[in-house]
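Colleague: Once you've had a glance at the structure underneath, I'll fire off some questions.
The values are calculated or read from the model by the stated rules, or taken from the named source; none is laboratory data. Computed from a predicted structure; not experimentally measured. When we count neighbours, we look across all protein chains shown, and the Cβ atoms used for this are built from the backbone with ideal geometry, even at glycine. Note: accessible area is taken over every heavy atom of the protein model, side chains too, but ligands, DNA and RNA are not part of it. Shrake-Rupley method; radii C 1.70, N 1.55, O 1.52, S 1.80 Å.
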Amino acid sequence: MRLTELSERSGVSTATIKYYLREGLLLPGREINRTTAEYDEGHLRRLRLVRAMVQVGRLPVATVKEVLGHVDDDSLGRTVRLGAALWALPQVPEPDAEDAYVRGAHEEVEELLRTLGWSNAALLTSVSPAFRSLVVAVAALRRLGYDWGPELLVDRARLMHRAAVLDLDFVDTQPSEAERVEAAVLGAILVEPMLSALHRLAQEEESARRYGFE
């Protein structure tokens, strides 16, 4: 397909597509002549991925470029490739290691991983943004007087593990390695907000069942 058709099918203006091409977010098409190139379904899929990351995920172009660089790096194994792509997404700042609440939360989250038997996750505690995010959240709750230790988190963690199994089952249905990593990245950008919304809807439903609307 030509650029105009790629624009029509994707809903992205030709000017924006040219910008993505200049920034390296989209691979060049097959050159037909000096001024014309031809694009395929792979370009359309990548363009839709980029738009989801920019418009829905609200990621800056520089971050999108970094994430896609990991997605396209077939020299890496899948776990490393996926981890690198996800870790390039915006993350919480590094917590203050001298803060007593942070130190306590760090120990509690490590205890949670041991209780769950998540030995692989435990190996990544020093570098994982997800581990850091959990520590920051637990520390904030503790600072407010809420004791959210491993005994309260373990059942929720097991629910999340089930969700992770379903996520990766879907990822494994994708036909190529690049598409599998793409699906996992889109899951972080689109499915996580969807799960958060479902969680809130479930809370609303349960609250109405327990307490009514008065």
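Colleague: Taking semi-axes √(5λ) of the Cα gyration tensor in Å straight from the coordinates, which label in (i) 24, 21, 15; (ii) 33, 20, 15; (iii) 39, 21, 16 is the correct one?
Modeller: Derived directly from the coordinates: (iii).
Colleague: Is it possible to state the helix-based mean residue ellipticity at 222 nm for the chain, with each DSSP H run of 4+ residues giving -39500 (n - 2.57), the sum divided by total residues, to the nearest 500 deg cm²/dmol? What is it?
Modeller: Per the formula, -20500 deg cm²/dmol.
Colleague: What dipole magnitude, in Debye to the nearest 20, does segment 101-214 give about its Cα centre under +1 on Lys/Arg Cβ and -1 on Asp/Glu Cβ?
Modeller: Values: 12 positive and 18 negative charges, 77 e Å.
Once rounded to the nearest 20, the dipole reads 360 debye.
Colleague: A follow-up question, please. Positive end of the charge dipole of the chain (Lys, Arg +1 and Asp, Glu -1 on Cβ, about the Cα centre): tell me which of VAL12, VAL50, ALA188 has its Cα farthest that way.
Modeller: VAL12
Colleague: Then there's this: At a Förster distance of 45 Å, what's the computed FRET efficiency of ARG209 paired with TYR19, Cβ-Cβ distance as r, to 0.05?
Modeller: 0.35
Colleague: Sticking with this structure for a sec: Any idea of the accessible area per residue across segment 7-124, 1.4 Å probe, to the nearest Å²?
Modeller: Value for segment 7-124: 61 Å² per residue.
Colleague: Leaving out ligands, DNA and RNA, and with a 1.4 Å probe, what % of the accessible surface on segment 3-56 is carbon or sulfur?
Modeller: 47
Colleague: While we're on this one: Once a ≥ b ≥ c are taken as the square roots of the eigenvalues of the Cα gyration tensor of segment 21-114, is the result rounded (a/c under 1.5), prolate (a/b larger than b/c) or oblate (a/b not larger than b/c)?
Modeller: It comes out prolate by the Cα gyration axes.
Colleague: For ALA37, what residues show an amide H to amide H distance below 5 Å, using hydrogens built from the backbone and excluding near sequence neighbours?
Modeller: Under 5 Å from the amide H of ALA37 lie the amide H atoms of LEU3, ILE32, each far enough along the sequence or on another chain.
Colleague: Give me the tail of P(r) for segment 3-56 as a percent: Cα-Cα pairs with distance above 15 Å.
Modeller: 41
Colleague: Ok, one more. Expressed as a whole percentage, what fraction of the accessible surface of segment 78-211 belongs to carbon and sulfur atoms when a 1.4 Å probe is rolled over the protein heavy atoms?
Modeller: That share works out to 59 percent.
Colleague: With N residues in segment 129-214, what two-decimal value do you get for its Cα radius of gyration over 2.2 N^0.38 Å?
Modeller: 1.39
Colleague: Same structure, new question: Using a 1.4 angstrom probe with every protein chain in place, what is the largest-first accessible-area order of PHE170, PHE131, PHE213?
Modeller: Heavy-atom accessible area, descending, gives PHE213, PHE170, PHE131.
Colleague: Among LEU124, VAL109, PHE213, whose Cα sits farthest toward the positive end of the charge dipole of segment 100-214 (+1 at Cβ of Lys/Arg, -1 at Cβ of Asp/Glu, about the Cα centre)?
Modeller: Highest projection toward the positive end goes to VAL109.
Colleague: Which value, in debye to the nearest 20, describes the size of the charge dipole of the chain about its Cα centre when Lys and Arg Cβ atoms bear +1, Asp and Glu Cβ atoms bear -1, and nothing else is charged?
Modeller: 620
Colleague: Let me ask something additional. Normalised by the number of residues in segment 78-211, what is the relative contact order in percent for Cα pairs under 8 Å and 6+ residues apart?
Modeller: Relative contact order, segment 78-211: 26 percent.
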